[in-house]
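One structure below.
The values are calculated or read from the model by the stated rules, or taken from the named source; none is laboratory data. Worth saying up front: this structure is predicted, and the values here are computed from it rather than measured. We place every Cβ from the backbone using ideal geometry, glycine too, and count neighbours over all the protein chains shown.
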Amino acid sequence: MVQKKYIALISLFSLLLFFTGCGQNASENKLVFSNEDVDENVVNHSNQFGFQLLKQLKEEDAGENIFISPLSISIALAMTVNGAEGETKQAMLEALQQQDVTVADMNASFQALMNIIQYSDPSVELSIANSLWAREDKSFFEQFITANETYYDAMVTSLDFQDPSASKIINDWVKDETRGKIEDIVDEQIDPRTVLFLINAIYFQGDWTEPFDENRTIEKPFYNANGTENDVAMMRNDGEFEYFENDLFQAIRLPYGEGQMVMDVYLPHEDVPSFLEQLSDDQWQEWAGSFQAKQGYLEMPRFTLEYEKSLVDVLKTLGMEIAFDENMANFGNMAEIPPNLYISEVLHKSFIEVSEKGTEAAAATSVEVSEESAPMYDFQMEVNRPFVYAIHDTKTEAVMFIGTVEDSLKFE
């Protein structure tokens with residue numbers, strides 16, 4: 001029984017941080033929205049998207065530690081949806097589980113949600129930042145830019161992507177917004193076909209309402225999913241906790257600060273895949289409402305994790321394949337077409353540190369938009385100035401007609 005208690009604990013922290021409560025950022029209160037301004041369907045659908053994403057990632061990386069921010073990924077892709085049209089737009093909305101709401105409602109709900117969870121609780125720090133980084137020689141439609149500035153408070157900057165300093169400027173922004181936890185999200189050398197990066201960055205720091213006593217932390221074995229075990233620093237606490245147990249798992253709720261932001265830890269009786277099979281937004285809401293105050297004893301590991309993953313394959317599996325197709329993608333609401341635009345990369349990076357004091361976490365998501373490749377020609381010839389032309393027989397070399405063109409105004 002002891003082995004089952006610890007076999008899969010770390011794997012579940014990917015879900016817990018960004019959709020279970022509300023938090024804040026600055027000491028100055030900038031709360032301007034209320035819960036009534038958020039369409040609950042948008043939040044529920046975003047949760048469902050996160051659950052589906054986690055399940056797919058678990059299939060790809062079975063037995064590995066996974067830590068994602070569904071909110072970061074949702075926001076980065078939602079900003080991108082504002083530039084999509086037709087089948088591409090529909091496929092992206094369906095992958096995001098937002099097909100039942102309009103893009104306008106989705107934008108407005110994310111705007112309100114970001115404000116509420118950043119500025120509701122002064123006892124924790126939660127910062128959400130968005131940015132668009134455009135190649136300086138590429139023009140984008142004003143409506144697309146304005147939507148992202150208005151609803152996502154996105155900073156918009158044009159850069160010479162071939163200048164070696166361009167990637168450093170972008171990465172420095174990400175590093176600043178994540179308090180140094182995510183150091184880079186863009187390759188040092190930017191692909192010449194890349195025209196735009198849409199980036200979300202999230203940073204969270206919260207102290208436990210009831211911190212663990214460092215003096216009680218001891219080395220104990222953690223039983224890994226692959227059957228191995230190793231000693232870890234196991235934090236210990238006892239007292240009154242919000243707790244829930246059923247045939248599938250044990251669960252405990254650990255609040256931060258004033259209690260609006262919490263971490264829920266689900267410990268399956270069997271394994272993580274069995275738990276994930278049952279996980280859906282409806283089930284999540286039912287479980288979340290089932291916690292009750294009980295006296296108990298808790299042991300959980302102190303740990304630090306970093307995670308990095310290209311989400312291209314998993315998003316294709318979730319139905320977004322057309323958005324990555326160089327020829328079929330339709331981002332006609334983003335910029336003039338041709339050349340055609342498509343998503344070339346969606347990169348997600350994250351960090352979490354859980355200690356006796358509390359939790360520090362950060363995530364960044366970058367959506368990279370590129371132009372279609374130019375055809376591979378041996379040469380390019382544009383007859384756009386005076387020229388000579390001849391019609392002749394290739395066998396006898398007899399010239400039948402010959403002429404010059406020097407004045408196009410006399411064309412009929």
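Take segment 209-264 and flag every residue that is acidic (Asp, Glu) and closer than 13 Å to Arg302 by Cα. Give the steps one after another, and end with the answer.
Taking segment 209-264 first, the residues acidic (Asp, Glu) are 210, 213-214, 219, 229, 231, 238, 240, 242, 245, 247, 258, 264.
Listed by number, the residues that qualify are Asp213, Glu214, Glu219, Asp231.
Could you tell me whether Val354 is at pLDDT below 95, in contact with a helix residue (DSSP H, G or I) (Cβ under 9 Å, 6 or more places away or on another chain) and either buried (at least 18 other Cβ atoms within 10 Å of the Cβ) or aromatic (Phe, Trp, Tyr) (or both)?
Values: at pLDDT below 95: yes; in contact with a helix residue (DSSP H, G or I) (Cβ under 9 Å, 6 or more places away or on another chain): yes; either buried (at least 18 other Cβ atoms within 10 Å of the Cβ) or aromatic (Phe, Trp, Tyr) (or both): yes.
Against the criterion (at pLDDT below 95, in contact with a helix residue (DSSP H, G or I) (Cβ under 9 Å, 6 or more places away or on another chain) and either buried (at least 18 other Cβ atoms within 10 Å of the Cβ) or aromatic (Phe, Trp, Tyr) (or both)), Val354 qualifies.
Yes or no: segment 78-96 includes at least one residue that is in contact (Cβ under 8 Å) with a residue 40 or more places away in the chain, under 30 Å from Leu305 (Cβ atoms) and in a loop (DSSP other than H, G, I, E, B). Walk me through it before giving the result.
Of the residues in segment 78-96, the ones in contact (Cβ under 8 Å) with a residue 40 or more places away in the chain are 78-80, 82-89, 91-92, 94-96.
Those still in the list that are under 30 Å from Leu305 (Cβ atoms) too: 78-80, 92, 95-96.
Now restrict to residues that are in a loop (DSSP other than H, G, I, E, B): 96.
The answer is yes, given that some residue of segment 78-96 is in contact (Cβ under 8 Å) with a residue 40 or more places away in the chain, under 30 Å from Leu305 (Cβ atoms) and in a loop (DSSP other than H, G, I, E, B).
Could you identify the single residue in Phe249, Phe222 that is in contact (Cβ under 8 Å) with a residue 40 or more places away in the chain, in contact with a strand residue (DSSP E or B) (Cβ under 8 Å, 6 or more places away or on another chain) and over 30 Å from Thr88 (Cβ atoms)?
On the way: Phe249 fails: in contact (Cβ under 8 Å) with a residue 40 or more places away in the chain.
Of the residues listed, the single one that is in contact (Cβ under 8 Å) with a residue 40 or more places away in the chain, in contact with a strand residue (DSSP E or B) (Cβ under 8 Å, 6 or more places away or on another chain) and over 30 Å from Thr88 (Cβ atoms) is Phe222.
Which of the residues belonging to segment 332-346 are surrounded by 19 or more Cβ atoms within 10 Å (Cβ to Cβ) and either touching a strand residue (DSSP E or B) at 6+ places or on another chain (Cβ under 9 Å) or not in a loop (DSSP other than H, G, I, E, B) (or both)?
Within segment 332-346, the first condition is being surrounded by 19 or more Cβ atoms within 10 Å (Cβ to Cβ), and the residues that meet it are 333-335, 341-343, 346.
Those that are surrounded by 19 or more Cβ atoms within 10 Å (Cβ to Cβ) and either touching a strand residue (DSSP E or B) at 6+ places or on another chain (Cβ under 9 Å) or not in a loop (DSSP other than H, G, I, E, B) (or both): Met334, Ala335, Leu341, Tyr342, Ile343, Val346.
What is the residue count in segment 286-313 for residues that are under 17 Å from the mean Cα position of the chain (by Cα), crowded, with 16+ Cβ neighbours inside 10 Å and of a type outside the set (A, V, I, L, M)?
Narrowing segment 286-313 to residues under 17 Å from the mean Cα position of the chain (by Cα): 306-313.
Those left that are additionally crowded, with 16+ Cβ neighbours inside 10 Å: 307, 309, 311-312.
Next cut, of a type outside the set (A, V, I, L, M) only: 307, 309.
Count: 2.
So which of Ile182, Ile128, Ile170 ends up being farther than 26 Å from Asp39 by Cβ, in contact (Cβ under 8 Å) with a residue 60 or more places away in the chain and in contact with a strand residue (DSSP E or B) (Cβ under 6 Å, 6 or more places away or on another chain)? If you could, list the steps in order and put the result at the bottom.
Values: Ile128 fails: farther than 26 Å from Asp39 by Cβ; Ile170 fails: in contact (Cβ under 8 Å) with a residue 60 or more places away in the chain.
Every option except Ile182 fails the conditions.
Failed condition for Gly180, given (1) loosely packed, with under 14 Cβ neighbours inside 10 Å; (2) small (Gly, Ala, Ser); (3) under 16 Å from the mean Cα position of the chain (by Cα), with all others met?
(3)
Take the residues in segment 225-246 that are closer than 25 Å to Phe351 by Cβ and out of contact with any strand residue (DSSP E or B) (no Cβ under 7 Å at 6 or more places or on another chain), then tell me which one is modelled with the highest pLDDT.
Across segment 225-246, the extreme among qualifying residues is Thr228.
Exactly one of these conditions fails for Ile68: (1) farther than 21 Å from Leu347 by Cβ; (2) among the aliphatic types (A, V, I, L, M); (3) modelled with pLDDT of 90 or more. Give me its number.
With (1) farther than 21 Å from Leu347 by Cβ; (2) among the aliphatic types (A, V, I, L, M); (3) modelled with pLDDT of 90 or more applied to Ile68, the lone miss is (1).
Take Ile322 and decide whether it is closer than 22 Å to Ala62 by Cβ, of a type in the set (Val, Ile, Thr) and outside any loop (DSSP other than H, G, I, E, B).
no
Here is a check on your reading of the model: is Gln118 in contact (Cβ under 8 Å) with a residue 24 or more places away in the chain and surrounded by fewer than 20 Cβ atoms within 10 Å (Cβ to Cβ)?
On the way: in contact (Cβ under 8 Å) with a residue 24 or more places away in the chain: yes; surrounded by fewer than 20 Cβ atoms within 10 Å (Cβ to Cβ): no.
Considered against the rule, which asks whether it is in contact (Cβ under 8 Å) with a residue 24 or more places away in the chain and surrounded by fewer than 20 Cβ atoms within 10 Å (Cβ to Cβ), Gln118 comes out as no.
For segment 62-116, what are the residues that are farther than 21 Å from Lys30 by Cβ, among the polar types (S, T, N, Q) and within 14 Å of the chain's Cα centre (by Cα)?
Ser69, Ser74, Thr80
Scan segment 110-149 for residues that are in a strand (DSSP E or B) and of a type in the set (Lys, Arg) and jot them down. Walk me through how you get there before you give the answer.
Quick first cut of segment 110-149, residues in a strand (DSSP E or B) only: 125-135.
Once the filter is applied, which keeps residues that are in a strand (DSSP E or B) and of a type in the set (Lys, Arg), segment 110-149 yields only Arg135.
Report, by residue number, each residue of segment 104-115 that is over 13 Å from His45 (Cβ atoms) and surrounded by fewer than 22 Cβ atoms within 10 Å (Cβ to Cβ). Can you show your working first?
Going through segment 104-115, the residues over 13 Å from His45 (Cβ atoms) turn out to be 104, 107-108, 111-112, 114-115.
Those that are over 13 Å from His45 (Cβ atoms) and surrounded by fewer than 22 Cβ atoms within 10 Å (Cβ to Cβ): Ala104, Asn107, Ala108, Gln111, Ala112, Asn115.
For segment 248-317, which fully contained helices (runs of 4 or more DSSP H) count at least 2 residues that are touching a His at 6+ places or on another chain (Cβ under 7 Å)? Spell out the reasoning first.
Numbers: elements: 272-278, 281-288, 312-315.
Those helices (runs of 4 or more DSSP H) do not exist here; none qualify.
Just give me the residues in segment 196-221 being under 25 Å from Leu126 (Cβ atoms), charged (D, E, K, R) and assigned to a loop (DSSP other than H, G, I, E, B), in sequence order.
Glu210
Restricting to segment 185-219, and then to whatever is touching a strand residue (DSSP E or B) at 6+ places or on another chain (Cβ under 8 Å), of a type in the set (S, T, N, Q) and within 29 Å of Leu159 (Cα to Cα), can you tell me which residue is surrounded by the fewest Cβ atoms within 10 Å (Cβ to Cβ)?
Among them, the one singled out is Thr194.
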